[in-house]
Amino acid sequence: TGTAFASSAVAAPRKLERIGIQLYTVRQQMRADMPGTVAAIAAMGYKDVEFAGYFGRTGAQVREMLDANGLKSPSTHIGFDAMKTDWNKTFDDAQAIGQAFLTVPSPPNGTTNTVASWQKVADDFNAAGERARARGLMLGYNNHYTEFAAMEGTSAFEILCTRTDPRYVALEMDVCWA
C-alpha cells in the first residue's frame with residue numbers, strides 16, 4: 001500500500017506565457033480579410049500565430065501586420081513542393097516575418113505508402129533541412145493519421161523518426177491525428 005508517486009514527482013501547475021493559434025483554423029476568414037482576421041486573433045489574446053499561407057502578401061507586409069497587432073509568428077505551414085519552387089523566397093519570407101520553423105503539413109506530391117517512398121521523403125527532408133539550417137531556419141513536419149498506417153512492418157512516422165536528422169528536421173506532433 002502507499003502512493004505510486006511521491007508528491008514531489010507531480011509537476012506544479014504553470015501558466016503559459018504565450019498562447020498560439022494555427023491560422024489554418026481560420027483560413028476562410030484569412031482569405032477574405034487577412035488584416036481584420038489577424039487583428040481579431042490578437043484581440044482574443046493570442047500572442048503567436050502559425051501561418052498557412054500569406055494570401056499574396058510579402059514577408060515584409062506580413063511582418064508589418066504582426067507588429068501592428070503585437071503578434072509573433074514562430075512558424076509557418078508550407079507545402080514541400082511549394083517551398084522547393086523557390087528556396088530563397090521561402091527562406092527570405094520566413095526571415096522577414098521572424099519565423100524559426102518551416103513546417104511541412106503533408107507529404108510531398110507523389111508520396112506513396114511504401115518504405116522506399118517514405119525513405120526518399122526523409123532523405124529529401126534532410127537535404128532541405130540542411131539548406132534551411134544554413135539560413136538559420138529549421139524544417140519541420142506535421143503528421144496526420146496516414147503516417148501511422150502499417151506498411152511493410154513499419155510506418156511512415158517510424159521512418160521519419162529514425163531516418164531524419166534532428167539537426168535538420170523537427171517533427172511537430174499533431175496530437176489530434178496521433
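Sub-8 Å Cβ pairs linking a first residue in the range 150-178 that is within 16 Å of Phe101 (Cα to Cα) to a second residue that is in a loop (DSSP other than H, G, I, E, B) and open to solvent by less than 70 Å² (accessible area, probe 1.4 Å), at least 6 apart or interchain, are Leu171/Asn143; Leu171/Thr164; Glu172/Asn143; Met173/Asn143; Asp174/Asn143; Asp174/His144, ordered by first then second residue.
Filtering the range 91-143 to residues that are of a type in the set (S, T, N, Q) and either modelled with pLDDT under 95 or over 16 Å from the mean Cα position of the chain (by Cα) (or both) leaves Ser106, Asn109, Thr111, Thr112, Asn113, Thr114, Ser117, Gln119, Asn142, Asn143. Of all residues in the range 1-48, which are polar (S, T, N, Q), open to solvent by less than 90 Å² (accessible area, probe 1.4 Å) and at pLDDT below 95? Matches in the range 1-48: Gln22 only. Beta carbons closer than 6 Å, at least 6 apart along the sequence or on distinct chains, pair a first residue in the range 42-65 that is more than 21 Å from Gly140 (Cβ to Cβ) and in contact (Cβ under 8 Å) with a residue 24 or more places away in the chain with a second that is aliphatic (A, V, I, L, M) and assigned to a loop (DSSP other than H, G, I, E, B) for Ala42/Leu71. For the range 162-171, the set of residues classified as open to solvent by 70 Å² or more (accessible area, probe 1.4 Å) and either part of a helix (DSSP H, G or I) or aromatic (Phe, Trp, Tyr) (or both) consists of Thr162, Arg163, listed by residue number. Per the listing Thr90, Thr103, Thr76, Thr112, the residue uniquely open to solvent by 20 Å² or more (accessible area, probe 1.4 Å) and among the β-branched types (Val, Ile, Thr) is Thr112.
Show me the helices (runs of 4 or more DSSP H) found entirely inside the range 59-161 where at least 2 residues are more than 25 Å from Ile21 (Cα to Cα). Break it down stepwise before answering.
Values: elements: 59-68, 80-85, 87-97, 115-134.
The helices (runs of 4 or more DSSP H) meeting that bar are 80-85, 87-97, 115-134.
Give the number of residues within the range 133-157 that are under 24 Å from Lys84 (Cα atoms) and either exposed (fewer than 15 other Cβ atoms within 10 Å of the Cβ) or of a type outside the set (Gly, Ala, Ser) (or both). Of the residues in the range 133-157, 14 are under 24 Å from Lys84 (Cα atoms) and either exposed (fewer than 15 other Cβ atoms within 10 Å of the Cβ) or of a type outside the set (Gly, Ala, Ser) (or both). Suppose the filter is surrounded by 15 or more Cβ atoms within 10 Å (Cβ to Cβ) and in contact (Cβ under 8 Å) with a residue 12 or more places away in the chain; does Ser117 pass it? In short, no.
The values are calculated or read from the model by the stated rules, or taken from the named source; none is laboratory data. Values in this document were obtained by computation on a predicted structure and should not be read as measured data. FYI the Cβ positions are ideal-geometry reconstructions off the backbone, even for glycines, and counts take in every protein chain you see. Quick note on the areas: whole protein, heavy atoms, side chains included, nothing else; ligands and nucleic acids left out. Shrake-Rupley method; radii C 1.70, N 1.55, O 1.52, S 1.80 Å.
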